[in-house]
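First the structure, in the form of structure tokens, and then the observations on it.
Readers should treat all values here as calculations from the given coordinates under stated rules, not as data from a laboratory. None of the values given here were measured: they were computed from a predicted structure. Every residue, glycine as well, gets a Cβ built from its backbone with ideal geometry; the counts of neighbours run over all protein chains shown.
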Amino acid sequence: MTAATTVANFFKKILTELYQNIYQLLGGSLDDQTLSLANIGLSVLRTSIKIVILLVLIGFIYWLLVYVVKTLRKLFGLSHRYARIARAILRYLWFMTSLLAFMSQIGLQADTVKATAKAATWAGFYYALWAASGQMVSRVLKHYELNASIEQLLKNLLLVLILALAFATVMAKFGFDVISIVAGLGIAGLAVGWASQSTLANFIAGIVILVEQSFQVGDWIRLGDKEGRVVKISLRATQILDRDNIIIIIPNSSVASSEVVNLTSKKMIRFEVTTRIGLHADITTARSAIIKTLQKDEVVLKHPAPLATVAEIGESGIRLVVRFWVAPLSVARIPVIKENINEKIKRALDEAGVEVPFPHMKLLLDNPKLGSEQ
């Protein structure tokens with residue numbers, strides 16, 4: 001026997017076995033040894049017609065129930081939310097009934113169909129539980145005025161928990177050993193957790209940051225030598241946007257263990273600049289010129305009013321501290337604001353005739369008369 005004949009017989013045997021399996025699936029018997037294409041075609045046609053009739057009947061019932069829901073909503077003025085929930089339930093029942101009808105007609109065992117029905121029922125129950133828990137979390141967080149990041153975190157945790165329970169329940173309905181699966185997943189989880197301790201630490205720190213709400217997205221914070229606006233708080237890291245339009249990503253474990261200064265936690269923030277006037281200059285005139293200048297500035301708040309006080313009287317002049325308040329939205333531009341205020345103060349003092357000294361040294365030399373000649 002040649003190699004080509006051997007290969008041909010091999011594939012012929014595979015096709016014959018496949019043909020017999022399909023024939024048995026369609027309800028035929030190999031005992032009568034009548035594997036005719038006509039019989040198989042008729043069997044396929046009969047099965048297809050039954051499936052189509054069942055699907056059309058189920059679809060008609062589904063359409064009728066949806067129509068009833070719409071009519072009841074119009075008659076009794078039901079909320080659109082409840083009508084949407086009812087349509088979602090009907091859609092799920094229509095899909096699962098169609099699937100079970102199809103499975104029952106293609107020759108699957110009754111135990112498989114029953115297990116699928118039970119699994120579908122439990123899956124629907126867990127989906128309803130997830131939807132209800134999401135609404136409950138939203139209401140609770142809204143009552144306590146917690147931010148959207150915590151809401152999304154809790155919803156994600158609930159989703160993972162419900163998915164795990166649903167997976168275990170569905171697998172149990174199909175005869176799988178759920179305890180062994182859970183044990184295996186637990187061991188794998190411990191191994192992964194041990195290998196990624198830093199990631200776990202960042203995850204826990206992210207939860208602490210979201211729960212404590214020491215700062216939120218949009219706040220301007222200072223963290224060590226880093227300063228910027230918070231643009232994202234994830235479970236792994238916090239992202240801030242600095243004044244140079246650069247995103248800085250800081251691990252949550254570092255944020256939780258460092259001193260964080262929130263510059264926008266209140267409705268206004270105070271800053272200060274310093275200036276000097278001469279020792280013989282009139283302090284009242286200088287203060288009046290500085291205050292008038294700050295009151296004309298659009299960024300500086302009128303209440304509380306800006307102040308100019310004497311901080312030090314030194315050898316080269318009098319140092320004044322000028323304090324002013326700005327709104328949180330102006331914090332990102334505070335270096336430019338200070339520079340502009342310094343420039344305006346210099347011009348105001350010049351216009352008021354107030355001397356602005358600079359460090360200098362004056363040498364006084366005596367010129368004694370020369371002694372008498374010897």
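Worth a mention:
- Taking amide hydrogens as placed 1.01 Å from N in the peptide plane, the amide H of residue 238 sits under 5 Å from those of 250, 252, each at least 5 positions away in sequence or on another chain.
- The alpha carbons of region 215-262 give a radius of gyration and a Dmax of 9.4, 26 Å, in that order.
- The calculated FRET efficiency for the pair residue 60 and residue 12, based on their C-beta separation and a Förster distance of 51 Å, comes to about 0.65.
- Label-point separation, residue 356 to residue 298 (7 Å along Cα→Cβ), nm: 2.3 nm
- From the Kirkwood radius over Cα pairs of region 269-351, Stokes-Einstein at 4 °C and 1.567 mPa s returns a whole-number translational diffusion coefficient of 100 µm²/s.
- Listed pairs 267/296; 12/50; 266/344; 74/173; 155/226 exceeding 29 Å between Cα atoms: 12/50; 74/173; 155/226
- Working ranking of peptides 62-70, 322-330 by packing, defined as the average number of other Cβ atoms within 10 Å per residue, highest first, is 322-330, 62-70.
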